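A.B. asks: For reference, the structure I am asking about is given below.
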Amino acid sequence: MYEVKIVGTGSYAPSNIISNEDMSKVVDTNDEWIKSRTGIRERRISKEENTSQLSIEAAKRALDSANLKPEDVDLIVLATLTPDCFIPSTACLVQKEIKAVNATCFDISAACTGFIYALNIASQFIKTGQHKTALVIGAEVLSKVVDWKDRNTCVLFGDGAGAAILQRSNEKGIISEYTGSDGSKGEHLECDAIPLRSFLVEEEEVTSNFVSMNGREIFKFATHVMVECINKVLQDAECSLDDIKYIIPHQANMRIIEYVCKKLKIDKEKFFINLDRYGNTSGASIAIALDEAAQQGLFNKGDKIILVGFGGGLTYGAQLIQW
Ligand code: COA
């Protein structure tokens, strides 16, 4: 088995900034409610760019930071719940635009845990030797599937993309990984696709195509699995929380993070947080946060970092990484 390391990161978000004040003109809400319940101040909402375009920009930035050329990439794994289209995959659209002609490309679906799952998949391909250099992307234009009349959900989400380059290495990089799913709780966070509609179907089902969520159930689930995931990757890597420089969580809600801090008896400063500026960008959130933390120079070579996420499915997972 080979070692696998993150050698570059990039991110990109649409330029349109929508504040909580702006949201109060769309639905019956206010800055105070949103800030106190979630920690979110503003989010980016795309006016012109679809998921592939956000992904392409993040991918180019990640390649630049890794000092690699598109043709060096032999695998593209892209996590999204908001693809441009069913076919081609968003990963193939990225390949075409950046000219990563040597890559095998596919999308994966794991909602907000998408980037963790995608990293996990890419790292297995590299560890076994089938691929050498992977471009892993988490990207969403959630504004396409948010119900702009539902104040319970529309204030929470935002658009954006993040990317990381994984490469075969002689040094330790991704040290331990853990993923899990609980399909029995899937009903708590849903978004319909196309219902049955062939000539055999007498009455077509009416679907909403919008995200619907049981916030309280997700809150309970999130706090539970985040603690479990962090403990699991620590245990597998034979590390303790004292060895960890930063935890990069899925950026859903400040209160979830505060609850996890309390449970693990750690300071909030250990968590890198940017949800105040982006809201919940689902599959993109950990990727954007990882890139921002890296760009801010927060990681030194050898630092240990945990990435941890949860989301629709329901799904969850984490990685313990040595920078
Ligand atoms: N603005 C103002 N009021 C709002 C509102 C908004 N945007 N959204 C909901 N409310 C109201 C509700 O209607 C409710 O009013 P009522 O008491 O008169 O019925 C009240 O606020 C409280 O709602 P409640 O659902 O109890 O709030 P909460 O404290 O549980 O917070 C969430 C709601 C969604 C912020 C919280 O449950 C949460 O963060 N859940 C996890 C969600 C998540 O992370 N999802 C992403 C998964 S990847």
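None of the figures in this text is laboratory data; all of them are computed from the coordinates on show. Keep in mind that what you see is a predicted model, and the values were worked out from it rather than measured. Positions of Cβ are backbone-derived with ideal geometry, glycine not excepted, and every protein chain shown enters the neighbour counts.
A.B. asks: Roughly how many whole Å is it from the C-alpha centroid of the range 1-46 to that of the range 275-305?
C.D. replies: Here the two parts' Cα centres lie 13 Å apart.
A.B. asks: Could I ask something else about it? Binned at 20 Å from 0, what are the whole-percent values of the Cα-Cα distance distribution for the chain, short to long?
C.D. replies: 34, 58, 7, 0
A.B. asks: Something else: Tell me, what is the Rg over Rh of the range 79-185, with Rh the Kirkwood radius over Cα pairs? The partial results should precede the final answer.
C.D. replies: Working: Rg = 15.7 Å, Rh = 15.5 Å.
Ratio value, two decimals: 1.01.
A.B. asks: A further question on this structure: Test of the criteria: in the range 103-186, which GluC sites (Glu not before Pro) are in a DSSP loop and have at most 10 other Cβ atoms within 10 angstrom of their Cβ?
C.D. replies: Values: sites: 140, 171, 177; in loops: 171.
Loop-located and lightly packed - 171.
A.B. asks: Right, here's the next one. In straight Cα distance, which lysines are under 22 Å from residue 185, not counting same-chain residues fewer than 8 positions off?
C.D. replies: List returned: 220, 232.
A.B. asks: Using alpha-carbon pairs under 8 Å, 6+ residues apart, how would you state the relative contact order of the chain in percent? Provide the component values of the computation, followed by the final result.
C.D. replies: Details: 801 pairs, mean separation 83.8, N = 323.
Reported as a whole number, the value is 26 percent.
A.B. asks: Give me the net charge of residue 12's neighbourhood, meaning all other residues with Cβ under 15 Å from the Cβ of residue 12; Lys, Arg count +1, Asp, Glu -1.
C.D. replies: Numbers: positive: 43, 44, 47, 60, 61, 277; negative: 48, 49, 57, 64, 97, 140, 159, 291, 292.
Here the charged neighbours net out to -3.
A.B. asks: Apply the Karplus curve 6.51 cos²θ - 1.76 cosθ + 1.60, θ = phi - 60°, to the phi angles in the range 72-81 and return the couplings in whole Hz, x for Gly and Pro.
C.D. replies: Result, ordered by residue: 6, 7, 10, 8, 10, 10, 10, 9, 7, 10 Hz.
A.B. asks: Next up: For a quick check: with amide H placed at 1.01 Å from N, whose amide H comes under 5 Å from residue 75's, ignoring anything fewer than 5 positions away on the same chain?
C.D. replies: 104, 133, 135
A.B. asks: Roughly how many whole Å is it from the C-alpha centroid of the range 134-158 to that of the range 177-205?
C.D. replies: Each part's Cα centre sits 18 Å from the other's.
A.B. asks: Between residue 185 and residue 86, what FRET efficiency comes out of the Förster formula 1/(1 + (r/R0)^6) with R0 = 25 Å and r the beta carbon distance, rounded to 0.05?
C.D. replies: Details: r = 26 Å, r/R0 = 1.04.
Between residue 86 and residue 185 the formula returns 0.45.
A.B. asks: Oh, and also: Quick check on my link table: of 5/262; 25/262; 60/172, which ones sit more than 29 Å apart, alpha carbon to alpha carbon?
C.D. replies: Details: 5/262 31 Å; 25/262 35 Å; 60/172 25 Å.
Check vs 29 Å cut-off fails for 5/262; 25/262.
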